[in-house]
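Worksheet for the structure shown next.
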Amino acid sequence: MDITELTVHELQEKLKKKELTITQITKAYTDRINEKEKDIQAFVTVLAEEANKQAEEIEEKVNKGELKGELAGIPIGIKDNMCTKGVKTTCSSRMLENFVAPYDATVIEKINKENMIDLGKLNMDEFAMGASTEYSYFKKTRNPWNLNKVPGGSSGGSAAAVAANMVPWALGSDTGGSIRQPSSFCGVVGLKPTYGLVSRYGLVAFASSLDQIGPITKDVYDSAMLLNLIAGHDEKDTTSEKREKIDYTKCLKDDVKGLKIGVPKEFFGEGINQEVKESLEKSIQTYKELGAEIIEISLDIAEYALATYYIIACAEASSNLGRFDGIRYGYRTKEFKNLKELYKKSRSEGFGPEVKRRIILGTYVLSSGYYDAYYKKAQQVRTLVMNEFNKGFEKCDVILTPTSPTVAFDIGSKSNNPLEMYLADICTVSVNIAGLPGISIPCGVDKEGMPIGMQLIGNKFCEETILNAAYTFEQATKFRENYKPEFKK
Ligand code: GLN
C-alpha cells in the first residue's frame, strides 16, 4: 500500500484500526516530497524535519491517551499567504521573502489546536494574482499530469501538491477562482466557501471583499471534513458570519433525485474548448441518469463579470498593498537618498510585474477623475450580478458550469499576455463577485489525458447542497480510480 495515495478519511480509518501510525504517515509524506519536489516545485518552504519531530511527539501523546481528536497527526500543506507563527509567509514575493509572521492565522490556529502536522508552505502566484503560478518570485510549479503544463493558479502549489500526493490535503485561497481553477487543472477537488463562512484573519489580503480560504482535497468527503474544521465565526474578522455549526460530512447522501440543476447557456458558448464542453455535457447526462432535473437558465450579466472583477480586485489590491513600503512591512532597498526614494525603490524592487500592473490599474480606477466611471460602475454591476444569481436560484438549487474554459495550458504560453491569463477565470469570478460557494470536481480528461473540471455553484451558505451534488457525481463516476497523474515529461 502506498500511504500517500490515501485520502484523509482513509488515513483516519487505518489509524483507528492501528494499521498505520502517525509517524509512518508523516514519514511517507516527507519522503514523497523529497522524491517529487524537484519535478513539481510545489513548496516555498518544506518543514520535513519539524513535521517528523512533531509526529513523534503527537504519537506519544496519543498512545498515552493524552490526545484524542480525529485529526491528530494528520498532515496538511498551506498556501504561502496564510500567516504561520515562526515560519516564513512569503506570498511568493520578493517583498515578503524573509517575513516571519508573529502570529497564526485563525485557520492555522484551528489546525494546530487539532494537533495536525504542517508539511510546509505552498507556492502561488505573487500575492495570489495570477492563474498559472508562473508569477511566483521563487519558482514555477508544474502540473503533475504533464510537467510542461501549468498547475493553474494562484493556489497552484496547493493543487499540484495534492495531485502529486505530496500532501494529503491543503488550504488554498480564492479571490476570483484560485482554488477552483488549479483544482480543475490538477484533477482534484477545490471548494471556495461562501464569503464570510471562513475567517480571513491572518490571510494576507489581496481583495478583501472577494478573498476566501478553502480546502483542496483528493475527494469530496475530505473537502467536507476540512470545511468542518475551518468554518465558523471569528471575532477577529468582522466579515465572518455567525451561524450555527454544521457537520458537512452529514450532508453527503449520495442522492440527487429531484435536485434542480441550472445550466446557464452563457457558460457553454464561444471561448469554451470543445472537449471541455463535451465532457460537461456528458456530466449533465450523468446527473440526469442519477435523477436530477436539468433546467436551462440564463446568466447574461456574466459577460461583464470579468471586467467588473478586475476593476474591484485591482482597486482593493492597490489599497491593501499600500502597507508594503519597506518601512512598515517588507523588503527595503539597500541604497536611497531620501524617504521618497526609499519607498519608490523598495516597492519597485520588491514587487513583480503583475502586482505592479494591478496596483497601477487599481490606483487609476480609484482616482478622483475616474472613480465614477470605473469603480462605482463596477460596484453597480456587482449588484446586478448578485441579482441575476438570485433570479437563477429561484429556478434551481445548483448551477453547473465548466470550471475553466480550457484544460491546463503550456508553461510560458500565456505569461506574457495578461488579458489571456485573465480569461482563465471567466467561469469562476462571478461566484466571488456574488459571494457564493463554488466547488470544482474532476469530470473527465481530454485527448492528451489532462483533467477537466466541473464547477457547481450554490446559493449563499448552501455548501451542503453543492457538496452532496459533487459527492453523488464522484461516487457515480470514480474519477480517482480511473485516472492518475503520470508526471509526463
Ligand atoms: N486569476 C485571478 C486573478 O489573477 C484570480 C486570483 C485569485 O483567485 N486569487 O486575480
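What are the semi-axes of the equivalent ellipsoid for the range 120-231, taken as the square roots of 5 times the Cα gyration tensor eigenvalues, largest first, in whole Å?
The answer is 20, 17, 10 Å, longest axis first.
Which aspartates and glutamates have a Cα less than 20 Å from the Cα of Lys489, not counting those fewer than 8 places away in the same chain?
Of all the aspartates and glutamates, those that pass the test against Lys489 - Cα under 20 Å, at least 8 places apart if same chain - are Glu35, Glu37, Asp39, Glu134, Asp410, Asp446, Glu448.
Which whole-number value in Å³ per residue fits the convex hull of the alpha carbons of the range 16-81?
On the way: hull volume 6.5 nm³, N = 66.
Hull volume normalised by residue count: 99 Å³.
I need the Debye-formula profile for the range 300-407: one equal scatterer per C-alpha, no solvent, reported as log10 I(q)/I(0) at q = 0.14, 0.17, 0.24, 0.25 1/Å, two decimals.
-0.72, -0.89, -1.21, -1.25
Using the Karplus equation 6.51 cos²θ - 1.76 cosθ + 1.60 (θ = phi - 60°), what ³J(HN,Hα) coupling, rounded to whole Hz, does each residue of the range 411-422 give in order, writing x for Gly and Pro?
Along the range 411-422, the couplings run 4, x, 6, 10, 5, 9, 10, x, 4, 5, 5, 4 Hz.
What is the ratio of the Cα radius of gyration of the range 170-213 to 2.2 N^0.38 Å, with N the residue count, to two decimals?
That ratio works out to 1.10.
Would you mind giving the average projected area, over all directions, of the Cα convex hull of the chain in nm² with one decimal?
Projected over every direction and averaged, the Cα hull of the chain covers 22.3 nm².
Find, among the trypsin sites (Lys or Arg not before Pro) in the range 367-470, those assigned to loop by DSSP (not H, G, I, E, B) with at most 13 other beta-carbon atoms within 10 angstrom.
Sites meeting the loop and neighbour criteria: Lys447.
May I ask you to sort Ile40, Ile359, Ile327 by Cβ crowding, counting other Cβ atoms within 10 Å and putting the fewest first? Please list the in-between numbers first.
Values: Ile40 26, Ile359 22, Ile327 12.
Fewest-to-most Cβ neighbours within 10 Å comes out as Ile327, Ile359, Ile40.
³J(HN,Hα) across the range 425-435 via Karplus (A = 6.51, B = -1.76, C = 1.60, θ = phi - 60°), whole Hz, x for Gly/Pro?
10, 4, 8, 9, 4, 5, 5, 6, 4, 8, x
From the alpha carbon gyration tensor of the range 389-479, can you work out the equivalent ellipsoid semi-axes (sqrt of 5 times each eigenvalue) and give them in Å, largest to smallest?
25, 19, 8
Using only the Cα atoms of the range 363-438, build the gyration tensor, take square roots of its eigenvalues as a ≥ b ≥ c, and label the shape rounded, prolate or oblate: rounded if a/c is under 1.5, else prolate if a/b is larger than b/c, else oblate.
Working: a/c = 3.64, a/b = 1.01, b/c = 3.60.
In terms of gyration-tensor shape, oblate.
May I ask what percent, to the nearest 5, of DSSP beta bridges between residues of the chain are antiparallel?
65
Past the 17 angstrom mark, what percentage of all C-alpha to C-alpha distances in the range 98-149 do you count?
I get 55 percent for the Cα pairs in the range 98-149 exceeding 17 Å.
Just order 465-474, 431-440 by mean Cβ neighbour count inside 10 Å, highest at the front, would you?
Numbers: 465-474: 24.0, 431-440: 27.2.
Packing order, densest peptide first, comes out as 431-440, 465-474.
Which of the GluC sites (Glu not before Pro) found in the range 1-32 are loop residues per DSSP with 11 or fewer other Cβ atoms within 10 Å of their Cβ?
Glu19
What is the ratio of the Cα radius of gyration of the range 38-134 to 2.2 N^0.38 Å, where N is its residue count, to two decimals?
That works out to 1.17 for the range 38-134.
Give me the Å³ per residue figure for the convex hull around the C-alpha atoms of the range 241-336.
Each residue corresponds to 251 Å³ of Cα convex hull volume.
Can you figure out the FRET efficiency of Phe336 with Phe268, using R₀ = 45 Å and their beta-carbon distance, to the nearest 0.05? Let's see the in-between values first.
Numbers: r = 54 Å, r/R0 = 1.20.
Once the sixth-power term is evaluated, E becomes 0.25.
Where does the range 386-426 land on Rg(C-alpha)/(2.2 N^0.38 Å)?
1.67
Under the rule of at least 5 residues apart or a separate chain, name every residue whose amide H is placed under 5 Å from the amide H of Glu293.
When sequence neighbours closer than 5 places are left aside, the close amide H contacts are Gly258, Leu259, Lys260, Ile261.
Tell me, what are the semi-axes, in whole angstrom and largest first, of the equivalent ellipsoid of the range 184-264 as set by the roots of 5 times the Cα gyration tensor eigenvalues?
24, 16, 14
So which lysines can Lys395 reach, going by Cα to Cα under 18 Å and dropping same-chain residues fewer than 8 places off?
Output for Lys395: Lys257, Lys260, Lys265, Lys288, Lys460.
Taking amide H positions as placed in the peptide plane 1.01 Å from N, state which residues far from Gly120 in sequence (5 or more) or on other chains have amide H under 5 Å from it.
Amide H neighbours of Gly120: Leu47, Ile78.
In whole Hz, what ³J(HN,Hα) sequence does the range 442-453 give by Karplus (6.51, -1.76, 1.60; θ = phi - 60°), x for Gly and Pro?
Ordered by residue, 3J(HN,Hα) equals x, 10, x, 10, 8, 4, 7, x, 8, x, 10, x Hz.
Coordinate-derived values only; no laboratory data. Small disclaimer: the values here were computed from a predicted structure and weren't measured. Using ideal geometry, Cβ is built from the backbone for each residue, glycine included, and neighbour counts are taken over all protein chains shown.
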